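Before any comments, here is the structure.
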Amino acid sequence: MPHIDVELERLKTKLLEMWDLVEYQLQSGREAMLNADQELAKLIVKRDKKVNQYDLKIDRMCENFFALFTPVAVDLRMVLAVLKINANLERIGDTAEGIARFVQKLDSPVDSQLLELTQVLPMYEEALAMFAECRVAFISNDPKLAKALIKRDKMLNKIYRKSDAVATKFMQENPNKISEALAILSIIKKLERVGDQVTNIAEEIIFYREAKFVKHKQDKKKKKD
Amino acid sequence: MGKKTKLEAIDLDAYYGDFHALKSINIAMEEKAVTAFIGPSGCGKSTFLRTFNRMNDYIEGFRTEGQILIDNKDIYQKDVRVDELRKNVGMVFQKPNPFPKSIYENVVYGLKIQGVKKKSVLEEAAETSLRRAALWDEVKDKLHKSALALSGGQQQRLCIARALAISPSVLLMDEPASALDPISTAKVEELIYELKNDYTIVIVTHNMQQAGRVSDYTAFFYMGELVEFNKTKTMFTSPKDERTQNYITGRFG
Ligand SMILES: Nc1ncnc2c1ncn2[C@@H]1O[C@H](COP(=O)(O)OP(=O)(O)OP(=O)(O)O)[C@@H](O)[C@H]1O
Ligand SMILES: [Mg+2]
């Protein structure tokens, strides 16, 4: 294997380790939320420091790679993609930490009716599934899979858009559970962000594989809508 | 867009005896732009470069088919005078090759051959060319010292000054910085950047970063074929041909 490929592999491996950690953080967030598990929530907050360390480490590895290998073409796109995916993973890590902080505001397991109405669980499942699928798209260099992910983000947005009204209604009917409902609403907002961040990562995978910027095309579409 | 084509090859084939060195090359190079030729050793870069000032004519058994146009004129037509052509097309080689004469004599050499005798004209041309080649300040006090006493980087800029003195409109450079240290290389690159305001420049280089830094367009050659020709930015970010990609990322063979 050429020297440059060895370095690129190292970079990818490091990114995938971070990816695993962030996935674990998100999954733990879901557990903590379901059981109002304060201990677990605390642990998630603490572990976010580790995510940040990965972020710094990968940034530094990319910087070194630029300086020492002056990559071009597909190599250049790969490192640029790693840099941006890294930034997005770090933010998803922050999101998981944010979820944990809202869990810390719950003093008992979440009302089952509230869970049902807001659809926060299927939303969480979908966000987790998208995140895992995105990792597969990255490993298998699969722009098709990445494109499919961008479409899937719609489901999260749909639940998010309805959540305000649903939660408001619930709070009116259950004035004693307002803080609980607010916490769930905030978590829903966070999950909507995860969808956006997964979309960003998917766009980077497409850019790396196909040398195409997807972002601007999408922006144009959004304007038409 | 809408820019003028300065150099052009149309269905160009070139042979060294039986050896088919260039295979139906078609390319149009823009005026006052820098075009870089890249490709593995032996792919035909120098051969192609030299067709633009007919330097290959001296090589026994060399012949071309097809056309080479400069300003839309076929330079292999019978009525073309090669000495006139070379006035218009200057060349700089890989190894600095100053004559064993003074710095001044080196620069005005071409003009003297052309019959220019007036001292004031020669002196002015020497100063202008040395300034253009970013060498004037370093040599103005020793113009009559031997050119061989200059450093390699200075010698290369002297050769560029010598090429510029005959006021060409095209400058061909065959690996002009490959024997130079990073500082001299940077100076030559800076110079190329300056010169493209007035000259059409073609540079052969094995240094990918150099091609990226100095050229507007890049042509990739492989085994006598022109594989890909595009804006340098495109070539180094998203080349279309896999062979180009493998070459520029150092994964050839
Ligand atoms: N005078 C010659 N006689 C016969 N064959 C020649 C002659 N000059 C070059 N060739 C052949 O033509 C081919 C192209 O040579 P050329 O010098 O143009 O390559 P190049 O791309 O400039 O390589 P390099 O990067 O090593 O300078 C090579 O296979 C070479 O062997
Ligand atoms: Mg050569």
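No value in this document is a laboratory result; all are computed from the given coordinates. As the structure is a prediction and not an experimental result, all values here were calculated from the model. We place every Cβ from the backbone using ideal geometry, glycine too, and count neighbours over all the protein chains shown.
Here are the numbers for the structure shown:
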item	result
FRET E, pair B:Gln77, B:Ile113, Förster distance 25 Å, beta-carbon r, rounded to 0.05	0.60
Cα-based helix-to-principal-axis angle, B:182-195 vs chain B, degrees rounded to 10	90
Residues listed by number, the range B:75-117, amide nitrogen under 15 Å from B:Asn207 label point at 7 Å toward C-beta	B:93-96
Fluctuation leader among A:Gln197, A:Gln113, A:Gln27 - chain A, Gaussian network, Cα springs under 10 angstrom	A:Gln113
Nitroxide proxy distance, nm - points 7 Å out along Cα→Cβ at B:Glu84 and A:Ile139	7.0
In sequence order, calculated HN-Hα J values of the range B:231-246 (Karplus, 6.51, -1.76, 1.60; Hz; x Gly/Pro)	4, 4, 4, 5, 4, 9, 10, 9, x, 8, 9, 4, 5, 4, 4, 4
Over chain B, relative contact order from alpha-carbon pairs under 8 Å, at least 6 apart, %	26
0 to 90° range, to nearest 10: angle between helix A:143-173 axis and chain A longest Cα axis	20
FRET efficiency for B:Glu30 and A:Gln53, using Cβ-Cβ distance with R0 set to 60 Å, rounded to 0.05	0.75
Local electrostatic count at B:Arg243 - Lys and Arg +1, Asp and Glu -1, tallied over other residues with Cβ under 13 Å	-2
Label-point separation in nm, A:Asp107 to B:Asp137, each point 7 Å along Cα→Cβ	7.6
Backbone HN-Hα couplings from phi across the range B:201-208 [Karplus 6.51/-1.76/1.60, Hz, Gly and Pro as x]	10, 10, 10, 8, 8, 9, 9, 4
Per DSSP, loop trypsin sites (Lys or Arg not before Pro) in the range B:68-159 with at most 15 further Cβ within 10 Å	B:Lys78, B:Arg81, B:Lys101, B:Lys117, B:Lys118, B:Lys145
Nearest-ten-degree value, helix A:3-35 long axis tilted from longest Cα axis of chain A	0
B:Val227 long-range amide H proximity, modeled H, under 5 Å	B:Phe220, B:Phe221, B:Tyr222
Simple spin-label estimate for B:Leu148 and B:Asn197 in nanometres, 7 Å along Cα-Cβ	3.7
Centre separation in Å (Cα based) which lies between the range A:1-32 and the range B:163-214	44
Euclidean distance of C-alpha centroids, the range B:129-154 and the range A:58-81, integer Å	40
Residue-by-residue Karplus 3J(HN,Hα) for the range A:46-59, coefficients 6.51, -1.76, 1.60, Hz, glycine and proline x	5, 5, 4, 4, 5, 4, 4, 5, 4, 4, 4, 4, 5, 4
Cut-off under 5 Å, modelled amide H: who pairs with B:Val92 long-range	B:Leu172, B:Met173, B:Asp174
